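Before any comments, here is the structure.
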Amino acid sequence: MARNIITGIDIGTYTVKVVIAEHVRGKDKNFPQIIGTGMSESKGMRHGYIVGTQDVRKSIRAALSQAEKMAGVKVKAAYVAFGGVGLDEVHAKGEVIISRADLEVVDLDIKKALEDSVEKAAQKVINRKIIHEIPLGFRLDGTRVLGRPVGMHGSKLEADVLFITALEQHLQDLIHCVEDAGVEVIDVMASPIAAGLVSLTKAQKKAGCVLANIGSETVSIVVFEDSIPVSLKVFPIGSTDITNDIALGLKVSLDEAEQIKRGALTSTPVSKKKLDDIIDARLKDIFELVDKHLQSIGKNGLLPAGIIITGGGSGATSIEDLAKAALRLPSQIAATRTLGKTKIKDASWAVAYGLTIWGLTADEEPAGLQLTRSAGGKFLSLLKQFLP
């Protein structure tokens with residue numbers, strides 16, 4: 001019997017991470033066993049987009065080589081994460097007049113309403129490509145529908161849809177670099193959503209929460225409510241800014257500032273209070289941006305499961321308390337669940353591992369759910385991953 005193996009590739013500004021996972025018969029398919037991991041320094045990236053294709057290709061090949069050696073398999077195709085400042089959201093409402101004479105809503109009406117929302121969204125996304133479309137809810141004659149409206153009666157159906165978009169040039173550059181490294185891109189997923197597959201529990205997503213991924217040069221957030229993503233945003237700020245602040249504040253080199261930030265001993269005497277003040281000031285800036293976005297969508301202070309923090313910049317000792325104070329929400333560092341002998345080292349691997357979960361369950365359609373569309377135009381059951 002052929003092995004069911006899937007690969008996820010996360011190309012970040014600081015590192016490239018590759019996870020190779022396998023679904024072992026009789027095990028939990030939602031959390032496949034990791035059989036290989038690889039990581040390399042990411043070169044040729046800036047704020048999540050590519051500025052040097054040759055450097056990026058070399059970084060991808062290096063991480064792939066490590067993962068392939070550990071797993072004992074050759075990677076021919078993979079799911080790839082898209083993140084960085086090129087990622088954004090657009091909301092659009094589609095509507096349709098019910099076609100049947102008895103005014104009963106059928107699947108065709110839902111399809112037409114969603115198609116109308118796509119046409120309206122397309123007018124707002126010049127030079128961008130839709131990589132996911134997520135129906136948030138329906139209204140029938142102006143009244144909100146709980147669940148699917150099929151079988152109900154009315155004259156006009158409206159669909160509220162969240163579209164996750166990517167700058168088309170950035171997306172194509174990313175795909176070309178992976179393919180030039182000898183790997184076919186099966187599909188592309190927004191990095192924050194991929195991280196949510198691993199870093200959040202079903203209870204957190206059901207109650208409502210915000211997942212914040214603090215990367216090297218960007219902070220990405222995705223807001224969940226009633227088990228589905230309802231908003232996504234990326235800010236051009238990250239843990240590198242903390243390093244720069246330390247270098248300026250303590251008058252040390254960038255290399256030494258990075259070591260100090262990570263808690264390593266250096267030749268420079270450091271006042272703990274001064275260091276904490278520098279780090280706290282930048283983290284407050286980050287959480288102010290998050291709070292402003294939550295205010296803009298009417299969710300500030302209204303997410304019972306609070307903020308869950310992940311990414312390479314989540315290791316600051318005071319980060320949970322700062323987030324709690326700034327957002328007036330419960331806060332915690334994300335935990336990561338895996339299966340198999342090979343464990344991912346920390347939450348910064350969540351995106352690459354989340355891609356393998358998505359890939360292994362992508363062809364399973366949940367009954368009665370509208371699917372989201374990926375970059376390749378293939379209909380995949382993304383929503384299945386977020387439901388209880």
Fill in the blank from the handout: Per the filter on the stretch 94-141, residues surrounded by fewer than 16 Cβ atoms within 10 Å (Cβ to Cβ) and basic (Lys, Arg) are 100, 111, 124
Completion exercise
Heads up, the strands (runs of 3 or more DSSP E) in the stretch 1-95 (entirely inside) with at least 3 residues that are of a type outside the set (D, E, K, R) and farther than 20 Å from residue 192 by Cα are 33-41
Exercise for the section: Identify, from the list 227, 216, the residue that is at positive phi and more than 12 Å from the chain's Cα centre (by Cα). Expected result: 227
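Table: residues versus (1) surrounded by fewer than 18 Cβ atoms within 10 Å (Cβ to Cβ); (2) not in a helix (DSSP H, G or I).
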{"position": "244", "(1), (2)": "yes, no"}
{"position": "248", "(1), (2)": "yes, no"}
{"position": "252", "(1), (2)": "no, yes"}
{"position": "255", "(1), (2)": "yes, no"}
{"position": "264", "(1), (2)": "yes, yes"}
{"position": "283", "(1), (2)": "no, no"}
{"position": "287", "(1), (2)": "no, no"}
{"position": "292", "(1), (2)": "yes, no"}
{"position": "317", "(1), (2)": "yes, yes"}
Handout entry: residue 243 β-branched (Val, Ile, Thr), farther than 22 Å from residue 45 by Cβ and in the same structural domain as residue 320 (by TED's automatic domain parsing)
Key = no
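The values are calculated or read from the model by the stated rules, or taken from the named source; none is laboratory data. The structure displayed is predicted, hence computed values, not measured ones. A quick note on method: Cβ atoms are made from the backbone with ideal geometry, for glycine too, and the neighbour counts reach across all protein chains shown.
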